[in-house]
Amino acid sequence: MKSGFVIAAVLLFFRTNSVPQSKVLQSITDSTSVTYTLHHPLHKIEATSKEATISAEVDTVSKEIKSVTAKVDVMSFDSGNSNRDSHAMEVVDALSFPEVSFISTAIDTAGDSIKVTGALTFHGVSKGIVAIMIPSWLDREVDVRGAFTISLTAFNVDRPSFLMIPVSDSLYFTMKAAFPYH
(Lines give C-alpha, C1' and ligand atoms only; values in the text may rest on other atoms or scores of the structure.)
Protein backbone atom coordinates (compact mmCIF):
# COMPACT_ATOMS: atom_id res chain seq x y z
CA MET A 1 0.00 0.00 0.00
CA LYS A 2 2.79 2.38 0.92
CA SER A 3 4.68 1.67 -2.30
CA GLY A 4 1.54 2.45 -4.35
CA PHE A 5 1.27 5.83 -2.61
CA VAL A 6 4.94 6.57 -3.33
CA ILE A 7 4.56 5.67 -7.01
CA ALA A 8 1.44 7.84 -7.30
CA ALA A 9 3.23 10.75 -5.59
CA VAL A 10 6.25 10.43 -7.92
CA LEU A 11 4.00 10.30 -11.02
CA LEU A 12 2.05 13.31 -9.81
CA PHE A 13 5.30 15.21 -9.15
CA PHE A 14 6.62 14.56 -12.67
CA ARG A 15 3.27 15.34 -14.27
CA THR A 16 2.87 18.71 -12.49
CA ASN A 17 6.50 19.66 -13.14
CA SER A 18 6.23 18.88 -16.85
CA VAL A 19 3.25 21.20 -17.39
CA PRO A 20 4.35 24.40 -19.17
CA GLN A 21 4.35 27.50 -17.01
CA SER A 22 2.72 29.93 -19.45
CA LYS A 23 1.93 33.42 -18.25
CA VAL A 24 0.57 36.44 -20.07
CA LEU A 25 2.99 39.29 -19.41
CA GLN A 26 2.60 43.02 -20.04
CA SER A 27 5.58 44.94 -21.38
CA ILE A 28 7.35 47.41 -19.11
CA THR A 29 6.19 50.86 -20.26
CA ASP A 30 9.58 52.57 -19.89
CA SER A 31 11.27 49.79 -21.88
CA THR A 32 8.78 49.64 -24.76
CA SER A 33 8.80 51.58 -28.02
CA VAL A 34 7.80 51.26 -31.66
CA THR A 35 9.58 53.30 -34.34
CA TYR A 36 8.72 53.70 -38.00
CA THR A 37 11.16 54.74 -40.70
CA LEU A 38 10.09 56.15 -44.04
CA HIS A 39 12.49 57.03 -46.85
CA HIS A 40 12.35 59.90 -49.31
CA PRO A 41 15.15 60.49 -51.83
CA LEU A 42 16.06 63.70 -49.96
CA HIS A 43 15.79 62.50 -46.35
CA LYS A 44 14.82 59.79 -43.90
CA ILE A 45 11.85 60.21 -41.55
CA GLU A 46 11.73 58.45 -38.18
CA ALA A 47 9.03 58.69 -35.56
CA THR A 48 8.75 56.81 -32.27
CA SER A 49 5.88 55.94 -29.97
CA LYS A 50 6.65 55.13 -26.36
CA GLU A 51 2.98 54.38 -25.69
CA ALA A 52 2.70 50.92 -27.21
CA THR A 53 0.81 48.28 -25.23
CA ILE A 54 2.35 44.88 -25.84
CA SER A 55 1.52 41.60 -24.14
CA ALA A 56 3.10 38.19 -24.62
CA GLU A 57 2.23 34.72 -23.50
CA VAL A 58 5.51 33.31 -22.23
CA ASP A 59 6.43 29.82 -21.05
CA THR A 60 8.80 30.74 -18.23
CA VAL A 61 10.17 27.20 -17.86
CA SER A 62 11.11 26.53 -21.49
CA LYS A 63 11.74 30.25 -22.13
CA GLU A 64 9.52 30.37 -25.16
CA ILE A 65 7.26 33.14 -26.39
CA LYS A 66 3.93 31.56 -27.36
CA SER A 67 1.91 34.56 -28.59
CA VAL A 68 2.07 38.33 -28.88
CA THR A 69 -0.48 41.13 -29.14
CA ALA A 70 0.28 44.82 -29.56
CA LYS A 71 -1.57 48.13 -29.89
CA VAL A 72 -0.32 51.63 -30.47
CA ASP A 73 -2.17 54.92 -30.95
CA VAL A 74 -1.02 56.39 -34.27
CA MET A 75 -1.14 59.91 -32.80
CA SER A 76 1.51 58.92 -30.24
CA PHE A 77 4.29 58.76 -32.86
CA ASP A 78 6.73 61.67 -32.54
CA SER A 79 9.31 62.55 -35.19
CA GLY A 80 10.49 65.71 -33.45
CA ASN A 81 8.74 67.85 -36.07
CA SER A 82 5.12 68.68 -35.18
CA ASN A 83 4.26 69.84 -38.73
CA ARG A 84 5.50 66.56 -40.19
CA ASP A 85 3.62 64.58 -37.52
CA SER A 86 0.38 66.49 -38.21
CA HIS A 87 0.70 65.77 -41.92
CA ALA A 88 1.40 62.08 -41.20
CA MET A 89 -1.78 61.91 -39.11
CA GLU A 90 -3.74 63.36 -42.04
CA VAL A 91 -2.20 60.85 -44.47
CA VAL A 92 -3.14 57.84 -42.30
CA ASP A 93 -6.52 59.36 -41.39
CA ALA A 94 -5.78 59.03 -37.66
CA LEU A 95 -9.22 60.31 -36.62
CA SER A 96 -10.94 57.44 -38.47
CA PHE A 97 -8.23 54.83 -37.76
CA PRO A 98 -6.63 55.85 -34.45
CA GLU A 99 -4.93 52.57 -33.65
CA VAL A 100 -2.51 50.06 -35.12
CA SER A 101 -2.83 46.54 -33.74
CA PHE A 102 -1.13 43.19 -34.14
CA ILE A 103 -2.17 39.67 -33.12
CA SER A 104 0.20 36.77 -33.64
CA THR A 105 -1.04 33.55 -35.26
CA ALA A 106 2.22 31.54 -35.16
CA ILE A 107 5.66 31.79 -33.61
CA ASP A 108 8.56 29.68 -34.89
CA THR A 109 12.02 29.52 -33.35
CA ALA A 110 14.98 29.82 -35.72
CA GLY A 111 18.23 29.75 -33.77
CA ASP A 112 18.48 32.84 -31.56
CA SER A 113 15.57 34.58 -33.29
CA ILE A 114 11.86 33.93 -33.60
CA LYS A 115 9.63 34.41 -36.62
CA VAL A 116 6.35 35.95 -35.51
CA THR A 117 3.53 35.62 -38.04
CA GLY A 118 0.29 37.46 -37.50
CA ALA A 119 -2.30 40.01 -38.57
CA LEU A 120 -1.48 43.72 -38.57
CA THR A 121 -4.43 46.11 -38.70
CA PHE A 122 -3.46 49.57 -39.93
CA HIS A 123 -5.53 52.26 -41.65
CA GLY A 124 -8.58 50.01 -41.40
CA VAL A 125 -6.91 47.16 -43.31
CA SER A 126 -5.76 43.83 -41.88
CA LYS A 127 -2.89 42.00 -43.57
CA GLY A 128 -0.65 39.12 -42.66
CA ILE A 129 2.91 40.07 -41.79
CA VAL A 130 6.05 38.34 -40.54
CA ALA A 131 8.31 39.99 -37.98
CA ILE A 132 11.73 38.70 -36.98
CA MET A 133 12.32 39.13 -33.26
CA ILE A 134 15.33 38.45 -31.05
CA PRO A 135 14.57 37.64 -27.41
CA SER A 136 17.24 38.05 -24.72
CA TRP A 137 16.43 36.07 -21.57
CA LEU A 138 17.74 37.83 -18.47
CA ASP A 139 17.36 36.92 -14.79
CA ARG A 140 14.02 38.67 -14.26
CA GLU A 141 12.85 39.71 -17.71
CA VAL A 142 12.94 38.91 -21.37
CA ASP A 143 13.97 41.76 -23.68
CA VAL A 144 12.69 41.51 -27.23
CA ARG A 145 13.77 43.49 -30.28
CA GLY A 146 12.50 43.08 -33.79
CA ALA A 147 11.51 44.52 -37.13
CA PHE A 148 9.12 44.20 -40.06
CA THR A 149 8.26 46.12 -43.22
CA ILE A 150 4.88 46.90 -44.74
CA SER A 151 3.73 48.47 -47.99
CA LEU A 152 1.83 51.73 -47.57
CA THR A 153 -0.25 51.11 -50.68
CA ALA A 154 -1.16 47.57 -49.52
CA PHE A 155 -2.79 49.25 -46.49
CA ASN A 156 -4.56 51.82 -48.72
CA VAL A 157 -2.34 54.71 -47.59
CA ASP A 158 -1.56 57.30 -50.26
CA ARG A 159 2.18 57.90 -50.30
CA PRO A 160 2.92 61.50 -49.28
CA SER A 161 5.15 63.60 -51.52
CA PHE A 162 7.82 66.16 -50.83
CA LEU A 163 8.81 68.46 -53.72
CA MET A 164 6.45 66.37 -55.90
CA ILE A 165 8.49 63.21 -55.20
CA PRO A 166 6.61 60.49 -53.29
CA VAL A 167 8.14 58.70 -50.33
CA SER A 168 9.09 55.05 -50.64
CA ASP A 169 6.20 52.60 -50.47
CA SER A 170 8.01 50.66 -47.72
CA LEU A 171 7.34 51.59 -44.11
CA TYR A 172 9.92 49.94 -41.85
CA PHE A 173 9.05 49.26 -38.20
CA THR A 174 11.34 48.41 -35.31
CA MET A 175 10.18 47.63 -31.80
CA LYS A 176 11.62 46.86 -28.44
CA ALA A 177 9.95 45.63 -25.29
CA ALA A 178 10.85 44.10 -21.95
CA PHE A 179 8.60 41.66 -20.10
CA PRO A 180 9.14 40.85 -16.40
CA TYR A 181 8.68 37.17 -15.61
CA HIS A 182 9.80 36.65 -12.00
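Against the conditions (1) touching an Asp or Glu at 6+ places or on another chain (Cβ under 6 Å); (2) of a type outside the set (Ser, Thr, Tyr); (3) within 19 Å of residue 37 (Cβ to Cβ), where does residue 72 fall short? Just the number, please.
All conditions are met except number (1).
Out of the residues in segment 141-182 that are touching a residue at least 40 places away in the same chain (Cβ under 8 Å) and among the polar types (S, T, N, Q), which is farthest from residue 68 (Cα to Cα)?
Residue satisfying both the conditions and the ranking: 168.
Check residue 114 against each of (1) under 17 Å from residue 49 (Cβ atoms); (2) in contact (Cβ under 8 Å) with a residue 40 or more places away in the chain and name the one condition it does not meet.
Result: residue 114 passes all but (1).
How many residues are of a type in the set (A, V, I, L, M) and surrounded by 16 or more Cβ atoms within 10 Å (Cβ to Cβ) if we restrict to segment 77-103?
Counting residues in segment 77-103 that are of a type in the set (A, V, I, L, M) and surrounded by 16 or more Cβ atoms within 10 Å (Cβ to Cβ) gives 4.
Return the total of residues in segment 133-182 being among the small types (Gly, Ala, Ser) and closer than 16 Å to residue 45 by Cα.
4
Would you mind finding the one in 89, 75 that is over 13 Å from the mean Cα position of the chain (by Cα), assigned to a helix (DSSP H, G or I) and either β-branched (Val, Ile, Thr) or at pLDDT 95 or above (or both)?
Among 89, 75, only 75 is over 13 Å from the mean Cα position of the chain (by Cα), assigned to a helix (DSSP H, G or I) and either β-branched (Val, Ile, Thr) or at pLDDT 95 or above (or both).
Between a first residue in segment 58-80 that is among the acidic types (Asp, Glu) and a second residue that is in a helix (DSSP H, G or I), which pairs have beta carbons less than 7 Å apart while being 6 or more apart in sequence or on different chains?
78/85
The values are calculated or read from the model by the stated rules, or taken from the named source; none is laboratory data. Keep in mind that what you see is a predicted model, and the values were worked out from it rather than measured. We place every Cβ from the backbone using ideal geometry, glycine too, and count neighbours over all the protein chains shown.
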